[in-house]
1. For the range 1-79, with only Lys/Arg (+1) and Asp/Glu (-1) charged at the beta-carbon, what is the dipole magnitude about the Cα centre, in debye rounded to 20?
2. What net charge do the residues around THR54 carry, taking every other residue with its C-beta under 9 Å from that of THR54, with Lys and Arg at +1 and Asp and Glu at -1?
3. Once you have a ≥ b ≥ c as the square roots of the Cα gyration tensor eigenvalues for the range 58-109, tell me rounded if a/c is under 1.5, and otherwise prolate or oblate according to whether a/b is larger than b/c.
4. Exposure proxy check: CYS87, CYS143 ranked by fewest other beta carbons within 10 Å?
5. What whole number of Å gives the distance from the Cα centroid of the range 129-150 to the Cα centroid of the range 49-105?
6. About the Cα centre, and with charges only on the beta carbon of Lys, Arg (+1) and Asp, Glu (-1), how big is the dipole of the range 6-144? Nearest 20 debye, please.
7. Can you list residues from other chains, or at least 5 along the same chain, whose modelled amide H is less than 5 Å from the amide H of VAL62?
8. Which of VAL95, ASN107, VAL62 sits closest to the plus end of the dipole of the range 6-144, meaning its Cα is farthest towards the positive end, when Lys and Arg get +1 and Asp and Glu get -1 on the C-beta?
Amino acid sequence: MSQISATDSDSLAKRIVAHHSFPGASSAAIERVLAKGTYKSVAHGEEICSEGDTGNEFFFLVRGNISVMRRDINGINRMLSDMTCPCVFGHMAVVDGSRRSATCMANGPVDIVVVQRSQLDQMITEATVAGVALRRLLIASLCDQLSNANGFVRRIVLDHGDAPDAAPQPPRPETRRMSEPTNTTEDLQTVSAMLGGWASDLSDLEKLNDDVEFIADEDMKRTHRAKKNR
């Protein structure tokens, strides 16, 4: 393993800044963060991190595609999503000390930059350009995860119940892909994986699901009306 090349570092840093446009974003600062890690090539089908493992490093995807998988209630890996460059992943377990919430596997040849926990601990407390950039990048990435999970929860609400002002609808034909959740328990597992590290006690979440009253906002009502008028 070695450091990322100057060309790859410049290209990846610029793409990260374009994707996560946090205040004060600087590709030069991101390049300093990338320089702290080690460059690694991963073969197709190789696991980069495994569900349930401790998190001692996080990763930047330089090129290639990564499949994100999580075990279902039967212990079988289900694909939740694909990740492409630019992205940072595996950081939640390093930040909060939780176990890995999902398995990340190379889908074809993949190149990554691996940053160890010790490097994160050092940079995240530094009053340097790289330290500031790393802190803001992690916050921006976590906000994206929360936003994506929020959107998924919104779809769960729309799939599992009608808005208060919507008339009952006939059952819709099955249109889910094999990789998509098929029941509430699997939906909750998917949300937990999307959050990237906040483990969920599914029994508690199932009980909570029975007690929660969903209140439809105006956007949800408009969505229901649009579906009704199709």
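We did not get these values from a lab; they are worked out from the coordinates using the rules stated. On a predicted model such as this, the values are computed, not experimentally measured, just so you know. For neighbour counting, all protein chains shown are included, and Cβ atoms are generated from backbone atoms with ideal geometry for every residue, glycine included.
1. Numbers: 9 positive and 9 negative charges, 43 e Å.
It works out to roughly 200 debye.
2. On the way: positive: ARG99, ARG100; negative: ASP53.
With Lys, Arg at +1 and Asp, Glu at -1, the net is +1.
3. Values: a/c = 2.90, a/b = 1.14, b/c = 2.53.
Cα axes put the range 58-109 in the oblate bin.
4. On the way: CYS87 16, CYS143 12.
In order of increasing Cβ crowding within 10 Å: CYS143, CYS87.
5. 16 Å
6. Working: 14 positive and 15 negative charges, 34 e Å.
For this selection, approximately 160 debye.
7. Residues meeting the criterion, in which the H sits 1.01 Å from N, are ASP111, ILE112, VAL113.
8. Farthest towards the positive pole: VAL95.
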